[in-house]
1. Kindly evaluate His162 against the criterion of being within 25 Å of Ile41 (Cβ to Cβ), under 16 Å from the mean Cα position of the chain (by Cα) and not aliphatic (A, V, I, L, M).
2. Count, please, the residues in the range 50-84 that happen to be more than 15 Å from the chain's Cα centre (by Cα), within 20 Å of Gly107 (Cα to Cα) and either hydroxyl-bearing (Ser, Thr, Tyr) or surrounded by fewer than 16 Cβ atoms within 10 Å (Cβ to Cβ) (or both).
3. Go through the range 100-123 residue by residue and tally those that are without any contact (Cβ under 8 Å) to a residue 12 or more places away in the chain and either in contact with a Gly (Cβ under 9 Å, 6 or more places away or on another chain) or of a type in the set (Asp, Glu) (or both).
4. Output the residues belonging to the range 35-49 that are within 17 Å of the chain's Cα centre (by Cα) and either exposed (fewer than 14 other Cβ atoms within 10 Å of the Cβ) or farther than 15 Å from Ser126 by Cα (or both).
5. Looking at Val144, is it open to solvent by 50 Å² or more (accessible area, probe 1.4 Å), of a type in the set (A, V, I, L, M) and either in a helix (DSSP H, G or I) or touching a residue at least 24 places away in the same chain (Cβ under 8 Å) (or both)?
6. Among the residues of the range 88-116, what is the count of those that are surrounded by 15 or more Cβ atoms within 10 Å (Cβ to Cβ) and of a type outside the set (Gly, Ala, Ser)?
7. Within the range 127-135, is there a residue that is assigned to a helix (DSSP H, G or I), without any contact (Cβ under 8 Å) to a residue 12 or more places away in the chain and not aromatic (Phe, Trp, Tyr)?
8. Can you tell me which residue among Met181, Met169 is assigned to a helix (DSSP H, G or I), modelled with pLDDT under 90, open to solvent by less than 40 Å² (accessible area, probe 1.4 Å) and in contact with a Phe, Trp or Tyr (Cβ under 8 Å, 6 or more places away or on another chain)?
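The values are calculated or read from the model by the stated rules, or taken from the named source; none is laboratory data. The structure displayed is predicted, hence computed values, not measured ones. Cβ coordinates were reconstructed from backbone atoms using ideal geometry, including for glycine residues, and neighbour counts include every protein chain displayed. These area figures cover heavy atoms from the full protein model, side chains too; ligands, DNA and RNA do not enter into them. Shrake-Rupley method; radii C 1.70, N 1.55, O 1.52, S 1.80 Å.
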Amino acid sequence: MPQARGVSNGTPADRTASRAVAVWDLPLRLWHWLLATSVLIAWFTPTVYDGLHRIVGYTVIGLLGFRLVWGFIGGRYSRFRMVGVRLRAAPGYLWNLRRGITGRYIGLNPAGTLMLVALLASLAVSTITGAMSVTVTFFGVWWVEDTHHYSSDAVIILVVLHVLGVVLMGTLQRENLIRAMFTGRKRIRNRL
């Protein structure tokens, strides 16, 4: 019997194909991994290797400056143009995530956007107060030191949550998001 036009006789899994699309450009990927490396070095070096701690702290400040600029002139998925929309969608997204409803996003999903903003803000506070604490004016000032300490702890907590979120989303969506941040390409599924 002839098959109707446009109808597949395969299983639903057979009716989807995937293709890789360019999502994260090279400057963004380099920024991501340099930032991750710098944050880890900074976390393990205070009071033991103060010189190295300061160098990576200033490196993070430079990387934050780059990301701010790249958020306006970078590639499509590097730009901040969707941040407000995704932040407003984040509570509903996280609520639906409890039931395993993830939706499909080529760039950052609303939870990823929320994490991006939280990490950038806490890194800014941590690095600015860290730089302040080595100046003559603010050296030994309790609130600067406490703010640096607590914001640095917040960065590490957010990093752990970020990694857990990537693993969770990769598992739920059957996608290797870590590889995507190295290659810049993400697999999307098309209905046949």
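1. So His162 passes the test.
2. Going through the range 50-84 one residue at a time, the tally reaches 6.
3. 1
4. Residues satisfying the conditions are Thr37, Leu40.
5. It is false that Val144 is open to solvent by 50 Å² or more (accessible area, probe 1.4 Å), of a type in the set (A, V, I, L, M) and either in a helix (DSSP H, G or I) or touching a residue at least 24 places away in the same chain (Cβ under 8 Å) (or both).
6. Residues meeting the conditions: 11.
7. Within the range 127-135, not a single residue is assigned to a helix (DSSP H, G or I), without any contact (Cβ under 8 Å) to a residue 12 or more places away in the chain and not aromatic (Phe, Trp, Tyr).
8. So the residue among Met181, Met169 that is assigned to a helix (DSSP H, G or I), modelled with pLDDT under 90, open to solvent by less than 40 Å² (accessible area, probe 1.4 Å) and in contact with a Phe, Trp or Tyr (Cβ under 8 Å, 6 or more places away or on another chain) is Met181.
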